[in-house]
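Inspection log for the structure reproduced underneath, given as structure tokens.
The values are calculated or read from the model by the stated rules, or taken from the named source; none is laboratory data. This is a predicted model, so every value here is computed, not measured. In this analysis, Cβ positions are derived from the backbone assuming ideal geometry, glycine residues included, and neighbour counts consider all displayed protein chains.
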Amino acid sequence: MAEPLKINCRKCHAKLDLGDFTPFETVPCPECGAMLRVPMRFERYLLEKICGKGGNSIVYRALEPDLARRVAIKIEQKKESAEEDDGQSEIAEGFINAARISGKINHPGVLPIYNCGTFDGKAFLVMRYMEHGDLERMMRQELLPGPGKILSWINSLIPVLIECRNNNIVHHDIKPANILLTAEDDVKLGDWDIADHRTKGDFSASRSMWASPIYTSPERIFSGGEDYRGDIFSLGVTIYELLSGIAPFGLHGGTEMIYERRKDMHFQSLSALVPQTPPVLSVLVAAMLDFFPENRPDYEEISSILDSVITGSQMCLKKDPSAPEK
């Protein structure tokens, strides 16, 4: 006999036991007919649906019944061929690291983490559920707003990154997928799994070598590590991609090819791809993508220029409706 799985219908609030149904199956409420998705029990949470998948984890939308709140849970997915590890896996260590590092940053732009641990042999991380998802999903589904709004979102993250810099914290994985939105369009920076502490000029290898190649700084490719100026490079790639729809250094290639493209500054200017781009913004992004960390602008300068573009060049940022789609 299946273990009881009691929930309340979201429409008529009838108490139902869905223990005999398959997790994530859609079934009608016997009282009012409303279609309900069968949750899956995990620790004290009820997993409702899959929100996203990574190489080693799956993110679910879930309900925490005790507090009557919706959360997001990232759960480790172990490969069947992987040998059992007596200690904590790298993923589990990353989840704990994310909770510790993000907890040290006193800023509302950090995605809140509520809990982390291990259940049924799998590491998990419980976070605030972000109703509007992430910018990568919006970009992929062609749901991004105009450039002015995008730049406002990016600019609202600068204080978070300044707080990181001032506390010698480097995120190491700035990209659209890690920039998330609440239902009120408040922006949060998430995925602190590979973040660490380091001072300016510390290019020693990071705790985890894993990172998204598209957004990785040349110094990290070369030495395995970067200071906060590597995050500035990744933020420049993010702005470029969100506004143009194209990654500046391409999507494919081996490590050597990726490194050489950065060394040669092998990319089109943002204004060449998006003619409505104010020249000052195109120059700023190119400077953020500079091969040498010491040549990149600091956060205060970036924020000042973004603010001037947002407040003073709204007309220039509006997309020309007659322009062909790229």
Check your understanding: Given the structure, is Ser204 more than 22 Å from the chain's Cα centre (by Cα) and either surrounded by fewer than 18 Cβ atoms within 10 Å (Cβ to Cβ) or of a type in the set (Phe, Trp, Tyr) (or both)?
Key -> yes
**Study point:** Residue that is modelled with the highest pLDDT [pool: residues in segment 44-55 that are surrounded by 18 or more Cβ atoms within 10 Å (Cβ to Cβ) and of a type outside the set (A, V, I, L, M)]
**Key:** Tyr45
**Study point:** Candidate set from segment 146-189 (those that are among the small types (Gly, Ala, Ser) and out of contact with any Leu (no Cβ under 6 Å at 6 or more places or on another chain)); member that is nearest to Gly224 (Cα to Cα)
**Key:** Ala177
Check your understanding: Residue check: is Asn56 of a type in the set (S, T, N, Q), farther than 19 Å from Ala99 by Cα and in contact with a strand residue (DSSP E or B) (Cβ under 8 Å, 6 or more places away or on another chain)?
Key -> no
Check your understanding: Just checking, which of Ile174, Ile158, Ile162, Ile113 is farther than 22 Å from Leu242 by Cβ and either surrounded by fewer than 19 Cβ atoms within 10 Å (Cβ to Cβ) or touching a helix residue (DSSP H, G or I) at 6+ places or on another chain (Cβ under 8 Å) (or both)?
Key -> Ile113
Check your understanding: Quick check, is Leu180 within 15 Å of Ser234 (Cβ to Cβ), surrounded by 20 or more Cβ atoms within 10 Å (Cβ to Cβ) and out of contact with any Ser or Thr (no Cβ under 8 Å at 6 or more places or on another chain)?
Key -> no
Exercise for review: Report those helices (runs of 4 or more DSSP H) wholly inside segment 255-315 carrying at least 1 residues which are outside the structural domain of Ser244 (by TED's automatic domain parsing) and touching a Phe, Trp or Tyr at 6+ places or on another chain (Cβ under 6 Å).
Suggested key: none
Exercise for review: Check Pro176, Pro145 and return the single one that is in the same structural domain as Leu273 (by TED's automatic domain parsing) and either free of Cβ contacts under 8 Å to residues at least 12 places away in the same chain or β-branched (Val, Ile, Thr) (or both).
Suggested key: Pro145
Study note, to complete from the structure: Checked segment 259-277 for anything surrounded by fewer than 19 Cβ atoms within 10 Å (Cβ to Cβ) and either over 18 Å from Arg229 (Cβ atoms) or polar (S, T, N, Q) (or both); matches are Glu260, Arg261, Asp264, His266, Gln268, Ser269, Ser271, Ala272, Leu273, Pro275, Gln276
Point to revise | Matching residues in segment 134-145 - criterion: being touching a Leu at 6+ places or on another chain (Cβ under 6 Å) and not hydrophobic (A, V, I, L, M, F, W, C) | key: Asp134
Check your understanding: Mind checking which pairs have a first residue in segment 224-239 that is farther than 11 Å from Asp173 by Cα and a second that is aromatic (Phe, Trp, Tyr) and surrounded by 24 or more Cβ atoms within 10 Å (Cβ to Cβ), Cβ under 7 Å, 6 or more apart or different chains?
Key -> Val237/Tyr215
Exercise for review: Return a yes/no flag: does segment 64-72 have any residue that is hydrophobic (A, V, I, L, M, F, W, C), within 28 Å of the chain's Cα centre (by Cα), closer than 18 Å to Phe119 by Cα and at pLDDT 95 or above.
Suggested key: yes
Check your understanding: Can you tell me how many residues in segment 263-295 are within 29 Å of Phe203 (Cβ to Cβ) and out of contact with any Leu (no Cβ under 8 Å at 6 or more places or on another chain)?
Key -> 14
Point to revise | Lone unmet requirement of (1) modelled with pLDDT of 95 or more; (2) surrounded by fewer than 21 Cβ atoms within 10 Å (Cβ to Cβ); (3) in a helix (DSSP H, G or I); (4) in contact with a Phe, Trp or Tyr (Cβ under 8 Å, 6 or more places away or on another chain) for Glu241 | key: (4)
